[in-house]
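Okay, so here's the structure we're looking at.
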Amino acid sequence: MTVSVRFAPSPTGFLHVGNARTALVNWLFARRHGGRFLLRLDDTDLERSEARFADGIFEDLAWLGLDHDRFERQSDRLAAYRAAFDRLHAAGRVYACYETPDELALKRKVQLARHQPPVYDRAGLRLSAAQHAAFAAEGRRPHWRFRLDDGSVGWDDIVHGPLAFDGAKLGDPVILRADGQPIYTFASVVDDLEMGISHVIRGDDHISNTPVHIQIYQALGGDPAGLAFAHLALLAGGQGEKLSKRQGSLSLRSLRDEGVEAMAVAALLARLGTADPVEPATDLARIVDGFDLARFGRSPPHFELPELWQVNAKVLHLLPFAAVSDRLAAVAPGADADFWEAIRPNLERLADAAGWWQVCRGPLAPVIDEPDFAAAVAALLPPEPWDGESWRAWTLAIQAATGRKGKALFQPLRRALTARDHGPEMRNLLPLIGRERVLRRLAGETA
Ligand code: GLU
């Protein structure tokens with residue numbers, strides 16, 4: 001069987017970590033199995049869908065590195081949904097209903113008061129031809145419901161295992177609104193069937209849609225045995241709370257603007273919810289190799305920003321110069337591979353490179369605690385050219401001349417040369433700062 005999956009966001013907002021994870025898992029699954037990844041915009045809700053969000057989804061997926069093999073948007077396919085609806089109509093699987101939202105709310109209230117499940121009572125199914133005609137005469141246009149089969153609908157969920165629902169307790173879903181717009185759950189089934197989707201991988205907030213999905217799929221001539229489902233447990237916050245309230249701050253674009261690496265997002269999201277450790281990686285191919293959908297568990301994994309930042313640092317520490325040179329040029333113009341390799345282990349975010357570039361190229365006001373010591377060590381500086389051994393030669397000379405060692409020796413040098421207490425290894429920084437600048441800083445000058 002050819003694997004064919006889809007990521008189907010509604011362009012009603014920017015992608016956040018939750019839907020980025022759904023996108024990533026679909027993409028990884030497709031790539032792992034030599035399959036196809038379809039990007040589909042579920043944009044039948046015209047009031048809430050916006051072009052800027054659609055553009056944003058494209059941009060954010062490109063940033064993450066998730067390329068698609070095919071693109072569709074539901075608003076282009078209204079004729080296909082109409083044709084599918086007509087087939088269901090001809091097969092007697094849909095019926096017209098006229099209740100207003102208020103009438104439906106009232107019915108639900110009565111049912112709840114009677115301790116009955118609040119499912120649609122199928123009143124529309126019992127309307128006589130005369131009643132239909134009367135509604136039509138009033139100018140009321142019907143919305144349409146799909147008539148579910150009673151009896152159990154089940155599937156073997158890749159994440160949750162066997163699941164089953166009683167059709168009689170589900171309530172016939174509306175599939176076409178009175179204005180003729182299809183509801184996206186119906187449109188999705190038509191798409192999944194016509195686009196040859198083999199696996200539906202989505203959040204487990206959609207589990208309750210799946211029995212309906214299966215029945216409509218079947219009513220349209222699809223074989224449910226050819227469609228597998230994996231419902232991923234939704235991400236929760238550090239305290240187990242829903243992430244939805246923080247979607248703005250957890251949008252991919254806000255994370256990117258704060259300096260999170262795409263590979264850090266991918267490495268973390270590929271493993272959250274599995275028992276496997278997060279492996280910082282520098283390219284998606286590495287993550288594809290270790291990917292296994294069967295590893296995802298049922299309980300909601302916790303997504304925490306401090307963990308993302310830890311992964312971010314680890315990813316940065318692995319990235320080669322070539323992978324960052326463009327972005328590095330923006331914060332450290334002129335920086336080369338030697339600089340990158342020297343400072344990389346000390347970065348939490350790429351933008352921090354700007355501070356280290358200033359340490360290497362100035363201007364920097366040195367911190368001189370003991371001017372006499374600074375003058376003494378200046379006289380011991382070896383001549384250039386410098387390399388990775390120059391620091392050792394210099395500090396051995398200082399040790400021999402002053403008897404200092406350990407922190408008493410190294411700390412004043414680091415503070416004089418970098419104005420900081422911690423940082424990259426001095427043996428790497430020294431040649432990057434250069435002899436002339438070192439001498440000026442030891443003399444207390446801003447250089
Ligand atoms: N548009 C739906 C969503 O964003 C997609 C549901 C599905 O994957 O079937 O939740």
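The values are calculated or read from the model by the stated rules, or taken from the named source; none is laboratory data. Keep in mind that this is a model prediction, so the values were computed, not measured. Every residue, glycine as well, gets a Cβ built from its backbone with ideal geometry; the counts of neighbours run over all protein chains shown. SASA here: full protein model, heavy atoms, side chains in, ligands and nucleic acids out. Shrake-Rupley method; radii C 1.70, N 1.55, O 1.52, S 1.80 Å.
The table below gives the values:
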read-out	value
Cβ crowding within 10 Å averaged over residues, with 310-316, 274-280, 257-263 ranked highest first	310-316, 257-263, 274-280
Alpha-carbon centroids, segment 332-353 and segment 403-442: separation in whole Å	18
Whole-Hz couplings from phi, Karplus 6.51/-1.76/1.60, listed for segment 10-27; x for Gly and Pro	8, x, 10, x, 7, 5, 10, 4, x, 6, 4, 5, 4, 4, 4, 5, 4, 4
5 angstrom amide H check on residue 232, placed H, neighbours 5+ away	202, 203, 204
Segment 154-195-segment 289-304 distance, computed between alpha-carbon centres (Å)	25
Residue 137 paired with residue 89, simple spin-label distance in nm, labels 7 Å along Cα-to-beta-carbon	2.3
Residue (of 267, 381, 116) at the positive-pole extreme of the chain, dipole from beta-carbon charges	116
Farthest positive-ward along segment 202-250 dipole, Cα basis, beta-carbon charges - from 225, 212, 236	236
Residue 67 versus residue 130: modelled label distance in nm, points set 7 Å from Cα along the beta carbon direction	6.7
By accessible area with a 1.4 Å probe, ligands and nucleic acids excluded, highest first: order of 384, 99	384, 99
17 Å Cα-Cα reach of residue 107 towards lysines, excluding residues that sit fewer than 8 places from it in its own chain	169
Two-decimal Rg/Rh across the chain, once Rg and the Kirkwood Rh are taken from alpha-carbon atoms	1.18
For segment 350-447, alpha-carbon Rg and Dmax in angstrom	12.4, 40
Where the chain is the region considered: accessible area per residue in Å², 1.4 Å probe	47
Nonlocal amide H pairs with residue 6, under 5 Å, H built at 1.01 Å	38, 201
Sum of -39500 (n - 2.57) over DSSP H runs of 4+, divided by residues of the chain (222 nm, nearest 500)	-13500 deg cm²/dmol
Where labels lie 7 Å past Cα in the beta-carbon direction, separation of residue 446 and residue 348 in nm	2.7
Calculated P(r) tail over 17 Å for segment 244-368, as whole % of Cα pairs	62
Note, ³J(HN,Hα) from phi for segment 291-296, Karplus 6.51, -1.76, 1.60, rounded to Hz, x at Gly and Pro	8, 8, 4, 5, 7, 7
Carbon/sulfur fraction of accessible area - the chain, other protein chains in place, 1.4 Å, %	51
